Amino acid sequence: MTDSNEITRKYFDSLLLEMRHIDAVKPDTSITIFGEKFDSPVATAALSHMNNQTEDGMAKMALGAKMAGCLCFSGMGEKEEIDAMCATGAKVIKIIKPHANNEDVLKEIRDAENAGAFGIGMDIDHAFNSETGEYDVVCGLPMAGKSFEEMKSFVAASKLPFVVKGVLSVQDAEKALEMGAKGIIVSHHHGIMQSAVPPLMVLPSIIEAVGHKMTIFVDCCVESGLDVFKCLAVGADAVCVGRAIMPPLKEKGAEGVCEKLKAITGELKGTMARTAFANLSDINDTVLWSL
C-alpha cells in the first residue's frame, strides 16, 4: 500500500480509546488561538475553488465557520475572494502558494492584510511536481521551492500570525519555529506524495522537538469528532477538516458548513465525556491504545 490517504486512514483507525466514567463532567471545547477565543478546536482546512462547487462558496464556508465559532483557513484564490470571506466577520487565515515570483507572494500578503485577515501562511508542500521533480504549476501559475531566508522574509513582511502548512518532519518544524512562524499545519496535503508518513505518526517527534512554542494544527483525512479527539490526544492543539465539509457546503451553503462543524464538535464532546477529559488542555495520550 502506497496511497498516503489510505495509510493515514488506517493509522487513525488503529488508535483505540479506553473509557473513563468516574468523575467525568460535561466537557468544554473552547480554545484560544493567536489571542482569539473559539468554541471549538475544529477549523476548516485551507480549501480552494469552492466557488466552483456553489456560488460564493468560499465566503459561505467562512460564514459557516463563523456561525459555528470556528477558525477558517483559506487556500488559493483571487483578492476578491479573501475580501468576501473576511467581510463575513469570520477569522480567516490565508494560506498562500509558493509562487515562483516572490512579489506575487508579497502582494497576496498585502491583499490579506487589507481584507482584514486573521493570519497568513504558506503552503510549502506545493512547490514541486511529485512525478517530475520540476517546480509545480498550479492552475497555470508557476511555483518554486523557498529557502529558509525567503520564508523568514515572508514572516517578517506582516505583523499577522504566520502559519506554515505542509510540515511533515521535525526538520521543517524546527525551521518554521526558527523563522518566527506562529503555527504549523502537520499535513501531507491529501496525499501529495505517495507513502507519506501519517501526520499523527510523526506528530509526537515534532512536539518533542519544538514543544508548543507554536500552535500545532493537524490536517488530512479528519472525518469526525473521534478523529479530532485522537489528534488532540497525540498532541495537536487544533485540527483542520476539509473534505468532510464539502458536501454540506454544496448542499446547504453556510448553514451546511456550520451544521457539520458543530456536529464534529459534538462528537468531540461526546468522546471527551466518555474519557473524562473536562477541557482540551487535559486531553493526553494516556487514553490511547494501538491495535
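Of the residues making up segment 123-145, one or more are open to solvent by 40 Å² or more (accessible area, probe 1.4 Å), in contact with a Pro (Cβ under 9 Å, 6 or more places away or on another chain) and over 22 Å from residue 213 (Cβ atoms). Within segment 248-271, the presence of at least one residue that is free of Cβ contacts under 8 Å to residues at least 24 places away in the same chain, open to solvent by 80 Å² or more (accessible area, probe 1.4 Å) and not acidic (Asp, Glu) is confirmed. Taken over segment 74-119, residues that are in a helix (DSSP H, G or I) and not small (Gly, Ala, Ser) amount to 19. For segment 191-210, filtering for residues that are outside any helix (DSSP H, G or I) and farther than 25 Å from residue 289 by Cβ leaves 5. The conditions of being surrounded by 19 or more Cβ atoms within 10 Å (Cβ to Cβ) and farther than 30 Å from residue 261 by Cβ are met by residue 151. Restricting 8, 2 to residues that are assigned to a loop (DSSP other than H, G, I, E, B) and either over 21 Å from the mean Cα position of the chain (by Cα) or under 25 Å from residue 243 (Cβ atoms) (or both) narrows the list to 2.
Condition check ((1) among the aromatic types (Phe, Trp, Tyr); (2) assigned to a helix (DSSP H, G or I); (3) under 20 Å from residue 48 (Cβ atoms); (4) within 20 Å of the chain's Cα centre (by Cα)) across all residues:
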site	(1), (2), (3), (4)
122	no, no, yes, yes
154	yes, yes, yes, yes
163	no, no, yes, yes
172	no, yes, no, yes
176	no, yes, no, yes
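Scan segment 213-235 and give yes if some residue there is over 20 Å from residue 15 (Cβ atoms), surrounded by fewer than 22 Cβ atoms within 10 Å (Cβ to Cβ), out of contact with any strand residue (DSSP E or B) (no Cβ under 6 Å at 6 or more places or on another chain) and in contact (Cβ under 8 Å) with a residue 24 or more places away in the chain, otherwise no. Yes, there is a match, as at least one residue in segment 213-235 is over 20 Å from residue 15 (Cβ atoms), surrounded by fewer than 22 Cβ atoms within 10 Å (Cβ to Cβ), out of contact with any strand residue (DSSP E or B) (no Cβ under 6 Å at 6 or more places or on another chain) and in contact (Cβ under 8 Å) with a residue 24 or more places away in the chain. Taking into account only those residues within segment 1-50 that are exposed (fewer than 14 other Cβ atoms within 10 Å of the Cβ) and among the β-branched types (Val, Ile, Thr), which is farthest from residue 130 (Cα to Cα)? Of everything passing the filter in segment 1-50, 22 is farthest from residue 130 (Cα to Cα). Residue 251 meets the conditions (1) closer than 29 Å to residue 132 by Cβ; (2) in a helix (DSSP H, G or I) in every case but one. The failed one is (1). Within segment 59-74, at least one residue is in contact (Cβ under 8 Å) with a residue 12 or more places away in the chain, among the charged types (D, E, K, R) and open to solvent by 80 Å² or more (accessible area, probe 1.4 Å).
The values are calculated or read from the model by the stated rules, or taken from the named source; none is laboratory data. Predicted, not measured: the structure shown is a model, and the values here were computed from it. In this analysis, Cβ positions are derived from the backbone assuming ideal geometry, glycine residues included, and neighbour counts consider all displayed protein chains. We work out accessible area using only protein heavy atoms, side chains counted, and drop any ligands, DNA or RNA first. Shrake-Rupley method; radii C 1.70, N 1.55, O 1.52, S 1.80 Å.
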